[in-house]
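Structure first, then comments.
The values are calculated or read from the model by the stated rules, or taken from the named source; none is laboratory data. Bear in mind the structure is a predicted one, so any value in this text is a computation, not a measurement. As a convention, Cβ positions derive from the backbone with ideal geometry for all residues, glycine included, and neighbour counts pool all protein chains shown.
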Amino acid sequence: MFDKIIGKDEIIINILKFFRLKILIVLLIFVVNISIFLTLDVNNLNAGDSVISNVKVILASSEAPLDSPKIDSTLKDISNQLQSVFKYNSYQLIDSREMNIAYNTTGTVSLPDERTLEIIPGGMSGDRIKFTIRILKKSSPIFTTQILLKNGSSVTIGGPDYHNGYLLFNISGVSN
């Protein structure tokens with residue numbers, strides 16, 4: 001009865017129009033998704049694929065008198081941070097390394113007593129750099145942690161004991 005009113009050819013044409021519209025909608029959704037994916041990929045490239053990181057290895061101890069703390073002059077830029085978090089009287093810079101480290105590769109700093117500090121930037125999470133930090137002794141891991149460091153800032157973490165004090169690591173990072 002339906003084909004008597006419209007005709008078989010018109011039914012086929014209407015079905016084809018219907019499916020053509022569906023195909024166009026699916027194609028449009030596909031193109032939009034590809035565009036979003038490419039935009040995200042470009043944003044990741046713009047964020048950089050490496051991190052410029054500065055690692056300061058600091059010996060902190062309580063050997064200086066309480067009334068006159070001894071702070072290495074090369075640590076003046078972070079002295080307030082050190083003194084507000086750590087309660088030592090003496091801070092001496094042992095080593096400082098600036099490294100340009102590609103994401104998911106390892107930057108290393110030699111430490112006293114056959115130890116090594118490894119820092120591995122893992123990419124960005126918003127405006128923060130994901131770092132894995134490891135300390136190895138004779139190539140065996142003894143400490144591992146992960147941090148999210150605000151891009152362009154620094155953090156100081158405590159390390160192992162050394163010469164009547166403790167090693168501290170001030171780690172900064174800027175994604176480039």
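List of remarks:
- Condition met for GLN81 (modelled with pLDDT under 95, surrounded by 14 or more Cβ atoms within 10 Å (Cβ to Cβ), within 18 Å of LEU59 (Cα to Cα) and more than 23 Å from the chain's Cα centre (by Cα)): no
- Of all residues in the stretch 111-157, those being out of contact with any strand residue (DSSP E or B) (no Cβ under 6 Å at 6 or more places or on another chain) and under 25 Å from LYS87 (Cα atoms) number 2.
- Residue selected from the stretch 124-158 under the condition touching a residue at least 40 places away in the same chain (Cβ under 8 Å) and of a type outside the set (A, V, I, L, M, F, W, C), by the criterion nearest to TYR103 (Cα to Cα): SER154
- ILE142, sole failed condition from (1) within 19 Å of GLY165 (Cα to Cα); (2) in contact with a helix residue (DSSP H, G or I) (Cβ under 9 Å, 6 or more places away or on another chain); (3) assigned to a strand (DSSP E or B): (2)
- Filter pass, ILE120 being β-branched (Val, Ile, Thr) and in contact (Cβ under 8 Å) with a residue 60 or more places away in the chain: no
- Some residue of the stretch 80-93 being free of Cβ contacts under 8 Å to residues at least 24 places away in the same chain and touching a Ser or Thr at 6+ places or on another chain (Cβ under 6 Å): no
- Test: residue in the stretch 109-125 that is of a type in the set (S, T, N, Q) and surrounded by 15 or more Cβ atoms within 10 Å (Cβ to Cβ): yes
- Residue in the stretch 90-103 that is outside any strand (DSSP E or B) and in contact with a Gly (Cβ under 6 Å, 6 or more places away or on another chain) present: yes
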